[in-house]
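Beneath this line is the structure, given in structure tokens, with notes to follow.
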Amino acid sequence: MRDAGMLEVSLRDADVDVLRIDGSDIVDRQTLMDRFATDLDLAEGERPSGWDGLADRLRGVLTRLHAPHAVLVWTHVEQLARRSAEDLVMAVVVLSDLTRDVAAPGFPRTLRFSVVLLGDDPAFDRAE
């Protein structure tokens, strides 16, 4: 994912906090939870067990960041799309809801949060 690396450099140069999720081994909900816990450096015992837990852990991570804008860059999304489209849809719903929650009054800090999903498979980018 050469483009992901260039994207991350550009974002960091623009003073954006980047949360990178390597989706190359995400094939279902279980591996998604494990990968998010690993890539977000969650403490032992903070591994999310469900979708609400994932949202809660991400909220916690976002409150500890310093830049006014954070971007979650999830690479190799096609791996999960091929094996469990239902889990991918649920993850996207969680991330989408979180972007709205972060922008709403009451979030502990002012933050703009965005999500970028990247895939290596040429069919991943194709709209039908």
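Only the coordinates and a few stated rules stand behind these numbers; no lab work does. This is a predicted model, so every value here is computed, not measured. Note that each Cβ is placed from the backbone with ideal geometry, even for glycine, and that neighbours are counted across all protein chains shown.
General observations
- Listed residues E78, E44, E86, most fluctuating in the chain (Gaussian network, C-alpha, under 10 Å): E44
- In sequence order, calculated HN-Hα J values of region 65-70 (Karplus, 6.51, -1.76, 1.60; Hz; x Gly/Pro): 6, 10, 6, x, 9, 10
- Gain upon complete extension [T38, A103; 0.36 nm per residue less C-alpha separation]: 20.8 nm
- The chain: calculated mean residue ellipticity at 222 nm from DSSP helix runs of at least 4, using -39500 (n - 2.57): -15000 deg cm²/dmol
- Dividing the convex hull volume of the alpha-carbon atoms in the chain by its residue count gives 111 Å³ per residue.
- Scattering profile of region 35-89 at q = 0.14, 0.23, 0.27, 0.29 Å⁻¹ [log10 I(q)/I(0), Debye over alpha-carbon scatterers]: -0.45, -1.06, -1.21, -1.24
- Debye, to nearest 20: dipole size of region 2-118, +1 on Lys, Arg Cβ, -1 on Asp, Glu Cβ: 240
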